[in-house]
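Right, one structure below, let's go through it.
The values are calculated or read from the model by the stated rules, or taken from the named source; none is laboratory data. Not measured: the values here are computed from a predicted model. Note: ideal-geometry Cβ built from the backbone for every residue, glycine included; neighbour counts use all protein chains shown.
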Amino acid sequence: AQTVTQSQPEMSVQEAETVTLSCTYDTSESDYYLFWYKQPPSRQMILVIRQEAYKQQNATENRFSVNFQKAAKSFSLKISDSQLGDAAMYFCAYRITTTYSQGGSEKLVFGKGTKLTVNP
Amino acid sequence: DAGVTQSPTHLIKTRGQQVTLRCSPKSGHDTVSWYQQALGQGPQFIFQYYEEEERQRGNFPDRFSGHQFPNYSSELNVNALLLGDSALYLCASTRQGHYEQYFGPGTRLTVT
């Protein structure tokens, strides 16, 4: 069964500094998608960054980047130049798909999340 | 371009009652998924609807049921509510064949 583990329940960072959030996952598939979602106190889950497993290059979105280690099944998120608005729960997620004969659907499996605090 | 919308925002129910939550997908999306997020946990997949059919179901009892309408909007119904059903219920939409799911703001359900 596919599982996602986030081993850091809480992290803190000083404004303008860099922080890395960890995520590991378990899968037997060779092609899949991984995501980092941000959930601020407003509760809206917002997609931060995605990584396709077949791509060796690590994804980057402005101040957000990932370190994707496929063999180690590791998918960490690095936030550079942290801002107060980055404070939120961060969830790592793995996308599971089924074939057309099995319904042709998909679902996300989430980790338990890491609460990020940004100190001014 | 409206994103995913959900109603109501908050809901308080009593054990044993039934509840219906509603979701309108993002414009252009045809697939709706529902997730339950207990306090301090990550979201758990309930089920996904496409072409008005349930395509996949997570590990939730039959008390949880859903429906998708021809306009792609969806409802989540929970019967015989238990205290443990108290959670944030998130709806996510996508377009079939696309990988990104867009989430709504959720409905906070409290069962007393």
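Taking only segment B:1-40 into account, find how many residues are within 12 Å of B:GLY106 (Cα to Cα), in a loop (DSSP other than H, G, I, E, B) and of a type in the set (Val, Ile, Thr).
Final tally of qualifying residues: 2.
Mind checking whether some residue in segment A:9-32 is within 14 Å of chain B (Cβ to nearest Cβ), surrounded by 15 or more Cβ atoms within 10 Å (Cβ to Cβ) and farther than 26 Å from B:HIS98 by Cα?
Checking segment A:9-32: at least one residue is within 14 Å of chain B (Cβ to nearest Cβ), surrounded by 15 or more Cβ atoms within 10 Å (Cβ to Cβ) and farther than 26 Å from B:HIS98 by Cα.
Looking only at segment B:41-55, decide whether some residue is assigned to a loop (DSSP other than H, G, I, E, B), within 8 Å of another protein chain (Cβ to nearest Cβ) and either more than 24 Å from A:MET89 (Cβ to Cβ) or in contact with a strand residue (DSSP E or B) (Cβ under 7 Å, 6 or more places away or on another chain) (or both). Can you show your working first?
Let us first name the residues in segment B:41-55 that are assigned to a loop (DSSP other than H, G, I, E, B), namely B:41-43, B:51-52.
With within 8 Å of another protein chain (Cβ to nearest Cβ) added as a condition, the list becomes B:41-43.
If we keep only those that are either more than 24 Å from A:MET89 (Cβ to Cβ) or in contact with a strand residue (DSSP E or B) (Cβ under 7 Å, 6 or more places away or on another chain) (or both) too, we end up with B:42-43.
Yes; the residues of segment B:41-55 include at least one that is assigned to a loop (DSSP other than H, G, I, E, B), within 8 Å of another protein chain (Cβ to nearest Cβ) and either more than 24 Å from A:MET89 (Cβ to Cβ) or in contact with a strand residue (DSSP E or B) (Cβ under 7 Å, 6 or more places away or on another chain) (or both).
Looking only at strands (runs of 3 or more DSSP E) that fall completely inside segment A:2-64, which ones have 2 or more residues that are free of Cβ contacts under 8 Å to residues at least 60 places away in the same chain?
Numbers: elements: A:3-5, A:10-14, A:19-21, A:24-26, A:33-39, A:46-52.
Ranges flagged: A:24-26, A:33-39, A:46-52.
Residues being within 12 Å of A:LEU21 (Cα to Cα) and touching a residue at least 40 places away in the same chain (Cβ under 8 Å): count how many of those fall in segment A:65-74.
Qualifying residue count, segment A:65-74: 2.
Quick one: in segment B:56-92, which of the residues that are within 14 Å of chain A (Cβ to nearest Cβ) and part of a loop (DSSP other than H, G, I, E, B) is farthest from the chain's Cα centre (by Cα)?
Selected residue: B:ASN59.
Which residues, taken from segment B:93-105, are over 15 Å from A:TYR37 (Cα atoms) and facing chain A (nearest Cβ under 10 Å)?
Selection gives B:THR94, B:GLN96, B:GLY97, B:HIS98.
Which of (1) in contact with a strand residue (DSSP E or B) (Cβ under 8 Å, 6 or more places away or on another chain); (2) basic (Lys, Arg); (3) more than 10 Å from every other protein chain (Cβ to nearest Cβ) does A:LYS70 not meet, given it meets every other one?
Here A:LYS70 meets the rest and fails (1).
For segment A:34-42, indicate whether the set of residues that are at pLDDT 95 or above, farther than 21 Å from B:GLN101 by Cβ and either in contact with a Ser or Thr (Cβ under 7 Å, 6 or more places away or on another chain) or not basic (Lys, Arg) (or both) is non-empty.
Among the residues of segment A:34-42, not one is at pLDDT 95 or above, farther than 21 Å from B:GLN101 by Cβ and either in contact with a Ser or Thr (Cβ under 7 Å, 6 or more places away or on another chain) or not basic (Lys, Arg) (or both), which makes the answer no.
Just checking, how many residues over segment B:31-53 are closer than 18 Å to B:THR94 by Cα and buried (at least 16 other Cβ atoms within 10 Å of the Cβ)? Reasoning before the result, please.
Initial filter on segment B:31-53 (closer than 18 Å to B:THR94 by Cα): B:31-36, B:43-53.
After this cut, where a residue has to be buried (at least 16 other Cβ atoms within 10 Å of the Cβ) as well, the list is B:31-36, B:43-50.
Residues that pass the stated criteria total 14.
If you check A:TYR90 against the conditions, is it within 12 Å of chain B (Cβ to nearest Cβ) and in contact with a Ser or Thr (Cβ under 6 Å, 6 or more places away or on another chain)?
Details: within 12 Å of chain B (Cβ to nearest Cβ): yes; in contact with a Ser or Thr (Cβ under 6 Å, 6 or more places away or on another chain): yes.
It is true that A:TYR90 is within 12 Å of chain B (Cβ to nearest Cβ) and in contact with a Ser or Thr (Cβ under 6 Å, 6 or more places away or on another chain).
Which residues, counting only those in segment B:20-38, are within 11 Å of another protein chain (Cβ to nearest Cβ) and over 10 Å from the mean Cα position of the chain (by Cα)?
Passing the criteria: B:THR31, B:GLN37, B:ALA38.
If you check A:ILE79 against the conditions, is it touching a helix residue (DSSP H, G or I) at 6+ places or on another chain (Cβ under 8 Å) and modelled with pLDDT of 90 or more?
Yes, satisfied.
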